[in-house]
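What follows is a short report on a single structure.
The values are calculated or read from the model by the stated rules, or taken from the named source; none is laboratory data. In this text the structure is predicted, and so the values were computed from the model without any measurement. Please note: Cβ atoms are built from the backbone with ideal geometry, for glycine as well, and neighbour counts cover all protein chains shown.
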Amino acid sequence: MAKTKRAIAAIAVEGLDVVLLFTAAGLGGLVGSYLPGLPSAVSGALTGAFGLALAFGAMELLDSFMGSLRALTRIPPSPSSSAYGLNTKEKEEDLPSNTEDLIDRLSEAARDGAAHQAALFSGKVDPAANLLNNRKLWVGIDGTSALFSLADGAYLHYWKNNGGDFPTHEYTFVLTDTEDEPVPVTSMTQVRDLLEQQVNRQPEVEPVGA
């Protein structure tokens, strides 16, 4: 709120500056136009000259006053901004001094990175970014894979394949409660159909007396 008030005040000061300039120019022109006994061409030139002279003279006199007003309305820089205009954390969190704790932190960062990439590259399956781009719905497994829960026992699995010249980002439909092979998926329609098949799958009826 304070910044908004300062911004409004700064605009008002700049507006006052312009108003004073035009007022001084107008008064100078008015004085020049009333000089008696001069041809119209000379009178017109003097009118312009008087207007400019009075305007600049007034600005010189008011310069210190306007400078003080501008200083009062100047918006201070945000304390969270660095010298390069970049936002930085007020206090960086220290790394753990214990090696095991640091390894845990690195593992957590790797899992978070995999979940982030799973959401980032999900456009190959969800080009409209309606669901799979939600980072919070992905759970990282390790540094190269993550899971997206669809239903009980049904997941989308993301895997970053670094085996070729360039890494690829693969998505498969997996069922944890069966021995079915993961199915590569490339569209949300395919994901929906596979999930429907899983939901509609009827359990096998065991024969009587088995």
| Across region 125-152, which residue is farthest from Arg192 (Cα to Cα) among those that are more than 28 Å from the chain's Cα centre (by Cα) and touching a residue at least 40 places away in the same chain (Cβ under 8 Å)? | Ala151
| query | Any chance region 154-171 includes a residue that's within 21 Å of Ala128 (Cβ to Cβ), surrounded by 11 or more Cβ atoms within 10 Å (Cβ to Cβ) and either basic (Lys, Arg) or modelled with pLDDT under 85 (or both)? | reply | no
| query | Which residue out of Asp165, Asp142 is outside any strand (DSSP E or B) and closer than 27 Å to Ile103 by Cα? | reply | Asp142
| Unmet criterion (only one of (1) surrounded by fewer than 18 Cβ atoms within 10 Å (Cβ to Cβ); (2) of a type outside the set (S, T, N, Q); (3) assigned by TED's automatic domain parsing to the domain that holds Leu195; (4) outside any strand (DSSP E or B)) for Leu132 | (1)
